[in-house]
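Notes for the one structure printed next.
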Amino acid sequence: MARNGITNMQAKLVLVGDMGTGKTSIVLRFVKGQYFDCQESTIGAAFFSQTISLNEVTIKFDIWDTAGQERYHSLAPMYYRGAAAAIVVYDISSDDSFTRAKKWVEELQRQDCFQGNPYMVMALVANKADLETNRKVLAEEGEQYAEENDMFFIETSAKTSQNVNELFYEIAKRLSKTRPTRITGMHLHNERENNSRRLFCCSST
């Protein structure tokens with residue numbers, strides 16, 4: 001729907017990655033401008049929304065932040081369904097989290113909604129860039145893997161806000177160029193008070 005030359009779009013975005021990589025912190029920094037040193041682990045998945053305005057396009061992100069714990073892994077596919085974009089997050093100070101990020105990429109690529117979809121936007125995010133002195137994963141490693149898998153790469157720090165907004169704006173720019181069919185008929189607002197978060201809980205057994 002276009003009003004006064006502005007196109008309104010809506011896009012589902014999913015974040016995946018190992019526990020402790022800072023997925024929730026990235027989203028909270030983007031949506032609410034907040035950061036907490038002790039962030040509780042997500043249970044199942046958490047939902048957020050935020051709107052970005054580009055030159056001629058307004059995009060409302062419906063953001064699903066999935067839990068990184070292994071016990072919730074089997075639930076993740078339900079949140080991939082219908083996603084226009086995916087963010088795979090790892091921690092630059094953890095080799096294990098980078099290895100797990102690769103497994104998440106492979107899993108996403110096996111999903112029906114991702115296969116053969118030239119419009120899917122995927123980002124590989126190296127978070128906790130503020131921990132440079134503890135770096136275990138070189139930026140070049142992330143860049144190379146992202147290039148090999150048709151993703152774009154960016155290093156972020158939810159703590160300092162480094163590149164967090166840039167991450168989502170880059171996704172928005174790519175979606176605005178490649179997903180014209182996702183135009184919605186709803187009126188989208190820019191006010192931050194419309195942001196919301198809901199926790200979806202499940203059994204821990």
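The values are calculated or read from the model by the stated rules, or taken from the named source; none is laboratory data. Being a predicted model, the structure only gives us computed values, none of them experimental. Don't worry about glycine lacking a Cβ; one is built from the backbone with ideal geometry, like all the others, and counts go over all protein chains shown.
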Original post:
Restricting to the range 96-110, what's the tally of residues that are under 16 Å from Gly20 (Cβ atoms) and of a type in the set (Val, Ile, Thr)?
Top reply: 1
Subject >> Some residue of the range 32-41 being at pLDDT below 95, more than 26 Å from Asp95 (Cβ to Cβ) and not in a loop (DSSP other than H, G, I, E, B) >> reply: yes
Original post:
Name the residues in the range 71-93 that are surrounded by fewer than 21 Cβ atoms within 10 Å (Cβ to Cβ) and at pLDDT 95 or above, would you?
Top reply: Ser93
Subject >> Selected residue (criterion: modelled with the lowest pLDDT) from residues of the range 42-67 that are in a loop (DSSP other than H, G, I, E, B) and surrounded by fewer than 15 Cβ atoms within 10 Å (Cβ to Cβ) >> reply: Ile43
Subject >> All positions within the range 142-156 that are surrounded by fewer than 15 Cβ atoms within 10 Å (Cβ to Cβ) and of a type in the set (D, E, K, R) >> reply: Glu147, Glu148, Asp150
